[in-house]
1. Let me check something: with ligands and nucleic acids excluded, how do TRP133, TRP144 order by accessible area (1.4 Å probe), largest to smallest?
2. For labels at ASP198 and LEU127 in the simple 7 Å Cα→Cβ model, what's the distance in nm?
3. Roughly how big is the chain's charge dipole about its Cα centre, with Cβ charges of +1 (Lys, Arg) and -1 (Asp, Glu), in debye to the nearest 20?
4. Pop out the ³J(HN,Hα) list for the range 153-158 in order, Karplus 6.51 cos²θ - 1.76 cosθ + 1.60 with θ = phi - 60°, rounded to Hz; leave Gly and Pro as x.
5. Could you please state how large a percent of the accessible area of the range 234-321 is carbon and sulfur, counting protein chains only and using a 1.4 Å probe?
6. If I take R0 = 25 Å and measure r between the Cβ atoms of ALA26 and ALA290 in this structure, what FRET efficiency does the formula 1/(1 + (r/R0)^6) give, to the nearest 0.05?
7. Could you give the length gained on full extension between LYS71 and VAL33, defined as 0.36 nm per residue of separation minus the Cα-Cα distance, in nm?
8. Given H placed on each backbone N at 1.01 Å, which residues far from PHE282 in sequence or on other chains put an amide H within less than 5 Å of it?
Amino acid sequence: MTKPILVVTSRYTKEIEDRIDRDYSARRNPSQVRFSQEQLLSAAEGADALFITPADRLDSGFFEKVSPTIKIIVTYSVGFEHIDLEAAARKKIPIAYTPGVNHEATADIAMLLLLGASRRAYEAQELVRTGAWKPLSPDMLLGWQVSGKILGIFGMGRVGQALARRARGFGMKIHYCNTSELPGEIAGDAVYHKDPSDLLRISQFLSLHAPETPQTHHFLNAKAISLLPPGAIVVNTARGGLVADDDLIFALKSGRIAAAGLDVFEGEPELNPEYISLKNTFLLPHIGSATIETRTAMGMLALDNVDAVLNGRPAPTLVRP
């Protein structure tokens, strides 16, 4: 029996690779670098499905040219802003994604960023790694304690809820803003704010977990920063586009924001170079979901979607228009 042809644009954990090799005839870029759009279109000719990542930008021009043999496109991500969904719908190509499996790992990174930023971890590690560590005076590298502080969570979905569970263990008080108030059995003692401005005003720590939409783009701008308590600490593991970089950098330089922990950046992997020059930033390269367990679960869910569509079954996690 001929295996279906799956265009694969990246490399994955062994368990995923073994399943791809077992169930599909995989087409990959022989140069081991990311496909250009023209290369991806060429690879899609006569193929059954595409298995892409957020690095692969599928715009309306792509869908105008893509092979009519493509029955499904699955992205190895929770976000799908790199895909023109309206163009996909016009071609009647279902789009699948991988929600519901990365929230615990991402919440771990959010907590790491919160602690790293508040305890000046970058500066401390730099002393050790550069050999500059000398006996410190009692007033050097003083950070900010998290226990007893208010953590504002903007976007109380799975990741926000998982972070709240962790932060409670550190003695933090949870407040949140969401599109709707959560049921009591989920929210627990977390305090709901319908208006984001009300959340900002009391958030000594602010962690961003909302999707990027036209409404949330550059949510954290100069106006929002002005509402935060002086010396607040900001964490972002959601999308870089939630932050207006120039405004946050200005606030970090002035001390209006004490520190920031960032795992995502607008335009990544490029980022505003001024972040790198700042000592009060704790920066990571978008590794929120980067555990073996989570990345394997994401890949398996992606392939479950491909299997379902190619075999005429309902797909578990299609993006709904």
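The values are calculated or read from the model by the stated rules, or taken from the named source; none is laboratory data. Since we're looking at a predicted model, the values are computed, not measured. Don't worry about glycine lacking a Cβ; one is built from the backbone with ideal geometry, like all the others, and counts go over all protein chains shown. Calculation scope for accessible area: heavy atoms of the full protein, side chains included, ligands and nucleic acids excluded. Shrake-Rupley method; radii C 1.70, N 1.55, O 1.52, S 1.80 Å.
1. So the residues, ranked largest to smallest area, are TRP133, TRP144.
2. Those two pseudo-labels are separated by 4.2 nm.
3. That gives the chain a dipole magnitude of about 420 debye.
4. After applying 6.51 cos²θ - 1.76 cosθ + 1.60, I find 10, 9, x, 9, x, 4 Hz.
5. Carbon and sulfur together cover 58 percent of it.
6. E between ALA26 and ALA290, to the nearest 0.05, is 0.65.
7. 11.2 nm
8. For PHE282, whose amide H was placed from the backbone, the distant partners under 5 Å are ALA260, GLY261, LEU262.
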